[in-house]
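Shown next, in structure tokens, is the structure this report addresses.
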Amino acid sequence: MKLLDIGEVAARSGMKPSALRYYEEAGLISPVSRHGLRRQFAPEVLLRLKLIAMGKAAGFPLGEIAAMFGPNGEPSLPRDVLHAKADAIDQTIRELAALRDTLRHVADCPAPSHMECPTFRRLVEVAGTRGRGRERSGSPPPRGRPR
């Protein structure tokens, strides 16, 4: 088995070596050896990094992503957690679609002032109500695209 040093992993994965070291500190990846001071990884780390990137894109925190790998390093993806995340993404999509539609209406509204537009005022009222509901429930507002 040909090992990949951290520079090769960075080049092939598109991630900076500092990110790879951070993932190592977080327990997400592990080098199998060192060549001098350079970490050496098994080629399978590339698949693992793709799975980590997919989890991050879906909005999972790194701790939850780490828990999705079994003791042997193989992915162990709990289907109920994946369903719950997919449901949360669906909700975010609905909210973003409503926001998009509101912005388009505001941009195209023929009223001389947005505050004179009954549709805009109704949409603002609904948005204000939605925000207050989140504050009471303790739920955080929807996040933007995960980094």
Problem - FRET efficiency, 1/(1 + (r/R0)^6) with R0 25 Å, evaluated for Ala67 and Leu96 via beta carbons - result: 0.35
Fill in the blank from the handout: Cα convex hull volume per residue for segment 61-101, in Å³, equals 67 Å³
Fill in the blank from the handout: With every protein chain kept in place and a 1.4 Å probe, the chain has an accessible area per residue in Å² of 71 Å²
Practice task
Net charge near Phe41: determine it from the other residues with C-beta under 13 Å of the C-beta of Phe41, scoring Lys and Arg +1 and Asp and Glu -1.
Solution key: +3
Completion exercise
In whole µm²/s, the translational diffusion coefficient that Stokes-Einstein assigns to the chain, given a Kirkwood hydrodynamic radius over C-alpha pairs, 37 °C and 0.692 mPa s, equals 174 µm²/s
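Assuming a ≥ b ≥ c are the square roots of the Cα gyration tensor eigenvalues, decide whether segment 85-134 counts as rounded (a/c under 1.5), prolate (otherwise, with a/b larger than b/c) or oblate.
The shape class here is oblate.
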Completion exercise
Given a Förster distance of 41 Å, the FRET efficiency implied by the Cβ-Cβ spacing of Lys56 and Ser113, rounded to the nearest 0.05, works out to 0.45
Exercise for the section: Place a +1 charge on the Cβ of each Lys and Arg in the chain and a -1 charge on the Cβ of each Asp and Glu, then give the dipole magnitude about the Cα centre in debye, rounded to the nearest 20. Expected result: 280 debye
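The values are calculated or read from the model by the stated rules, or taken from the named source; none is laboratory data. Small disclaimer: the values here were computed from a predicted structure and weren't measured. No Cβ is skipped: glycine too gets one built from the backbone with ideal geometry, and neighbour counts run over all protein chains shown. When the accessible area is computed, the model is the full protein with side chains, heavy atoms only, and any ligands, DNA or RNA have been set aside. Shrake-Rupley method; radii C 1.70, N 1.55, O 1.52, S 1.80 Å.
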